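Have a look at the structure below before the remarks.
The values are calculated or read from the model by the stated rules, or taken from the named source; none is laboratory data. Just so you know, these numbers come straight off a predicted model, no measurement behind them. No Cβ is skipped: glycine too gets one built from the backbone with ideal geometry, and neighbour counts run over all protein chains shown. In case anyone asks, the SASA skips ligands and DNA or RNA and just uses the protein heavy atoms, side chains included. Shrake-Rupley method; radii C 1.70, N 1.55, O 1.52, S 1.80 Å.
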Amino acid sequence: MKRVVVGLSGGVDSSVAAYLLQEQGFEVIGLFMKNWHDDSVTISNECPWLEDSNDALLVAEKLGIPFQTVDLSEAYKEKIVDYMFNEYEKGRTPNPDVLCNREIKFDVFMKIALSLGADYVATGHYCRKGEIDVDGKTVYQLLAGADNNKDQSYFLCQLSQEQLAKSLFPIGELTKPEVREIAMELDLVTAEKRDSQGLCFIGKVRLPEFLQQKLKSKEGLIYQIDENNPVYNLEKEEGLSTEEKLSFEAKKIGYTPEMGKVVGKHQGAHYFTIGQRKGLNVGGTTDPLFIIATNVETNTIYTGLGSQHPGLFKKALFIEKSEIHWIRNDMVLANGEAMQVMARIRYRQPLQKATLHQFENGMYVSFEESQSAITEGQFVAWYIESELIGSGVIS
């Protein structure tokens with residue numbers, strides 16, 4: 001009988017995952033990860049992890065499986081929270097959920113599970129795992145979940161072959177309504193519980209408020225850049241190499257205050273991200289203003305009018321060599337090679353036609369259609385059909 005440790009989060013997905021594994025004949029142990037208890041940076045008085053761990057315990061009791069809580073808050077603070085503050089301070093926008101999976105659930109947590117004699121770790125992610133043979137070696141595939149609305153493969157885009165080998169995703173073939181139905185039939189306390197929102201560790205906390213506790217606010221100006229600004233009509237030089245053309249398309253525009261007009265004030269450029277329109281508090285414009293750039297050095301924010309403003313769109317992005325990650329090591333590109341893929345630059349974005357171009361110092365991803373709000377620090381993930389084969393941090 002193989003032993004599986006399930007990360008019971010106190011939500012419906014992991015509850016049903018545990019039940020399905022039991023039905024498949026595994027010996028199942030439930031572990032709840034406590035990732036956060038630093039009261040100095042918690043906003044609300046509600047304590048979501050207590051409520052969640054209690055729900056996880058009730059589910060374990062109902063299913064008759066052993067249950068315990070593991071405290072990972074030290075590792076969490078060091079690997080996720082400190083990293084997030086550093087990234088925001090530099091004016092980048094990290095993705096804590098992707099990092100949480102790579103650094104905590106499928107690393108620190110997985111090591112604890114394996115030390116308990118587990119053969120596998122299971123989570124309630126909507127994705128699937130495949131196995132194929134490549135040159136006599138078993139290669140593991142990360143496949144999109146069967147439920148298009150809920151596919152969470154993107155959040156696992158930084159996993160390795162070693163991590164996938166030890167992972168199970170029991171609900172990957174199901175849709176969310178089917179998962180809820182199973183939980184209702186079993187009369188699980190989590191059956192109708194809403195999906196958790198907010199950061200993957202603090203529960204009911206809004207990001208700007210969380211950041212304000214560590215990153216000091218400082219007043220700066222908001223500029224509006226006209227869509228007809230000549231900076232958007234720069235022509236590519238003749239005779240450029242492929243790499244130079246891609247570099248031109250991926251390049252960040254260096255905005256300066258002289259290019260625009262002051263339309264308001266903000267409390268810190270590091271609280272804001274490209275593509276954001278809420279929280280600017282600038283009134284009196286015909287369309288909403290969208291952030292097209294931030295500069296944390298000068299503490300300025302640049303905005304454009306409307307969702308079609310040219311400052312929001314780019315056709316290519318760059319990933320530094322050290323930030324390229326392949327799940328499928330057998331598909332790694334050599335310098336000068338290219339590959340047609342489907343890619344997304346954020347969770348839930350419909351997949352976009354793109355081409356990967358590998359060069360000496362990194363990789364360009366060029367899109368068939370211009371993409372809105374390509375954001376530094378976020379992850380781009382690339383697929384072939386329903387398989388996620390690699391990802392990288394947008395630089």
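Give the residue, chosen from 244, 258, that is modelled with pLDDT of 95 or more, closer than 27 Å to residue 378 by Cα and open to solvent by 30 Å² or more (accessible area, probe 1.4 Å).
244 is the lone residue from the list that is modelled with pLDDT of 95 or more, closer than 27 Å to residue 378 by Cα and open to solvent by 30 Å² or more (accessible area, probe 1.4 Å).
So residue 111 passes all but one of these: (1) open to solvent by less than 40 Å² (accessible area, probe 1.4 Å); (2) modelled with pLDDT of 95 or more. Which condition number does it fail?
(1)
Are any of the residues in region 205-219 out of contact with any helix residue (DSSP H, G or I) (no Cβ under 8 Å at 6 or more places or on another chain), at pLDDT 95 or above and surrounded by 12 or more Cβ atoms within 10 Å (Cβ to Cβ)?
No, region 205-219 contains no residue that is out of contact with any helix residue (DSSP H, G or I) (no Cβ under 8 Å at 6 or more places or on another chain), at pLDDT 95 or above and surrounded by 12 or more Cβ atoms within 10 Å (Cβ to Cβ).
Taking the stated definitions as given, is residue 117 open to solvent by less than 20 Å² (accessible area, probe 1.4 Å) and part of a loop (DSSP other than H, G, I, E, B)?
No, not satisfied.
Evaluate region 317-329: report whether one residue or more is closer than 28 Å to residue 244 by Cα, in contact with a helix residue (DSSP H, G or I) (Cβ under 7 Å, 6 or more places away or on another chain) and part of a strand (DSSP E or B).
There is at least one residue in region 317-329 that is closer than 28 Å to residue 244 by Cα, in contact with a helix residue (DSSP H, G or I) (Cβ under 7 Å, 6 or more places away or on another chain) and part of a strand (DSSP E or B).
For region 124-154, which residues satisfy the criterion of being hydrophobic (A, V, I, L, M, F, W, C) and over 17 Å from the mean Cα position of the chain (by Cα)?
Listed by number, the residues that qualify are 132, 134, 139, 146.
Yes or no, residue by residue, for (1) part of a helix (DSSP H, G or I); (2) open to solvent by 50 Å² or more (accessible area, probe 1.4 Å):
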{"site": "85", "(1), (2)": "yes, no"}
{"site": "88", "(1), (2)": "yes, no"}
{"site": "91", "(1), (2)": "no, no"}
{"site": "150", "(1), (2)": "no, no"}
{"site": "189", "(1), (2)": "no, yes"}
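When region 256-276 is examined, which residues are found to be touching a residue at least 24 places away in the same chain (Cβ under 8 Å) and farther than 23 Å from residue 86 by Cα?
Once the filter is applied, which keeps residues that are touching a residue at least 24 places away in the same chain (Cβ under 8 Å) and farther than 23 Å from residue 86 by Cα, region 256-276 yields 257, 259, 260, 261, 262, 263, 264, 265.
On the given criteria, is residue 349 under 23 Å from the mean Cα position of the chain (by Cα) and either more than 23 Å from residue 102 (Cα to Cα) or buried (at least 16 other Cβ atoms within 10 Å of the Cβ) (or both)? Don't jump to the end; show me each part of the working.
Numbers: under 23 Å from the mean Cα position of the chain (by Cα): yes; either more than 23 Å from residue 102 (Cα to Cα) or buried (at least 16 other Cβ atoms within 10 Å of the Cβ) (or both): no.
No.
Just for region 120-138: of the residues that are crowded, with 16+ Cβ neighbours inside 10 Å and β-branched (Val, Ile, Thr), which one is nearest to residue 154 (Cα to Cα)?
Looking at the filtered set, the residue picked out is 123.
Can residue 282 be described as in contact with a Leu (Cβ under 8 Å, 6 or more places away or on another chain) and exposed (fewer than 13 other Cβ atoms within 10 Å of the Cβ)?
Taking the combined requirement at face value, the residue does not satisfy it.
Taking region 161-187 only, how many residues are in contact (Cβ under 8 Å) with a residue 24 or more places away in the chain, assigned to a helix (DSSP H, G or I) and either open to solvent by less than 30 Å² (accessible area, probe 1.4 Å) or farther than 24 Å from residue 64 by Cβ (or both)?
Total meeting the criteria: 7.
Checking the conditions here, which among 381, 354, 343, 338 is surrounded by fewer than 16 Cβ atoms within 10 Å (Cβ to Cβ) and touching a strand residue (DSSP E or B) at 6+ places or on another chain (Cβ under 8 Å)?
Just one listed residue meets the conditions, 338.
Name the pairs: first residue in region 66-87 and of a type in the set (Gly, Ala, Ser), second residue open to solvent by 20 Å² or more (accessible area, probe 1.4 Å) and part of a helix (DSSP H, G or I), Cβ to Cβ under 6 Å, at least 6 apart or on different chains?
Close Cβ pairs satisfying both conditions: 75/108.
Right, residue 130: under 28 Å from residue 3 (Cβ atoms) and either in contact with a Gly (Cβ under 8 Å, 6 or more places away or on another chain) or in a strand (DSSP E or B) (or both) or not?
yes
Of the residues that sit in region 60-83 and are farther than 23 Å from residue 30 by Cα and open to solvent by less than 20 Å² (accessible area, probe 1.4 Å), which one is farthest from the chain's Cα centre (by Cα)?
Checked region 60-83; the qualifying residue farthest from the chain's Cα centre (by Cα) is 81.
Go through the residues of region 300-309 one by one and say whether even a single one is over 18 Å from residue 375 (Cα atoms) and outside any loop (DSSP other than H, G, I, E, B).
Yes, that holds for at least one residue.
Would region 354-363 turn up any residue that is in a loop (DSSP other than H, G, I, E, B), small (Gly, Ala, Ser) and over 23 Å from residue 148 (Cα atoms)?
Within region 354-363, not a single residue is in a loop (DSSP other than H, G, I, E, B), small (Gly, Ala, Ser) and over 23 Å from residue 148 (Cα atoms).
For region 221-239, enumerate the residues that are of a type outside the set (Asp, Glu), loosely packed, with under 13 Cβ neighbours inside 10 Å and either at pLDDT below 95 or in a helix (DSSP H, G or I) (or both).
Matches in region 221-239: 230, 233, 234, 236, 239.
Taking interchain pairs and intrachain pairs at least six residues apart, which have beta carbon atoms under 7 angstrom, with the first residue in region 375-395 and in a strand (DSSP E or B) and modelled with pLDDT of 95 or more and the second of a type in the set (Phe, Trp, Tyr) and open to solvent by 10 Å² or more (accessible area, probe 1.4 Å)?
Short answer, once both residue conditions are applied: 389/326; 390/326.
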